[in-house]
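J.: Mind having a look at this structure? Questions to follow.
What follows is calculated from the coordinates using simple rules that are stated; it is not laboratory data. All of these numbers come straight from a predicted model, not from anything done at the bench. All Cβ positions, even for glycine, are placed from backbone atoms using ideal geometry, and neighbour counts span all protein chains on display.
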Amino acid sequence: GVSTIYWRFGVPSVLDGEVDVDGVVDCVMGLSPVDDPSQYSDYSPMFRQEFDGSMDFYNLDTYTLILETLPGSTWYEVWIVNDSDNRTYDAYIKGGEAYPSQTKIVEDFGWRNQTLEALDVMVMTTSAGTLVDPKGLDALLVDDIYMAAGEDLSSPVSAWAAIDTFDDYADQAALDAVWSYLEDDTEGEGGGGLLVEDPYEAGNKVLEINHG
């Protein structure tokens, strides 16, 4: 069958001396059938934002560069449309000067993990570097995670199921140690969000999205 997952992510500006600059973030985001994913091969659909500002998506066995520079200090909307029968996905993005309107940037890309199981775990790996030489240095904002049956390319409305409340997360204390629930996002639109406070330390953070 076909389903859609939507979320927003943003790289806030950070202060470099007295000048605001884009944050330095390295993050892989995607869905997995594995309850406790620990390696990149556990991802099915997946994309990454590199510390140099580029963005690429995984297709079967390799990354494909989509945009050489994805400007920071911007909120981006992402739609991932999964086809579990063919184990492929399409991706759409909207935000900032790069994508002022919704744009399909991936079509029929193959899942990395060609699973037959449900993709019921959302994964964000926040640094591909090491403690000595980290790639991700600054915060990443994630907000408004939703799912819908079928292909739904609207911004979330009543037909979508909100899954960005983690009160029933199995290990809430561990989650809170790394993630902070924001009362308002940086755009002032309300609705809260999740902030990776220290991506350098965070490692794999697994967000259970099957809240039934």
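J.: Work through the residues other than Arg112 whose Cβ is under 9 Å from its Cβ and net out their charges, Lys, Arg +1 and Asp, Glu -1.
T.: -2
J.: Sticking with this structure for a sec: Under 5 Å between amide H atoms, partner at least 5 residues away or on a different chain: which partners does Phe109 have, H built in plane at 1.01 Å?
T.: Answer set, sorted by chain and number: Tyr89.
J.: Further, regarding this structure: Report the calculated FRET efficiency for Ser73 and Glu151 (r = Cβ-Cβ distance, R0 = 41 Å), to the nearest 0.05.
T.: Using R0 = 41 Å, I get an efficiency of 0.85.
J.: If you restrict to DSSP beta bridges whose two residues both lie in region 1-117, what percentage is antiparallel, to the nearest 5?
T.: If I count the DSSP bridges inside region 1-117, around 100 percent turn out antiparallel.
J.: Then there is this: In Å and on Cα atoms, what radius of gyration and Dmax does region 3-85 show?
T.: 14.6, 52
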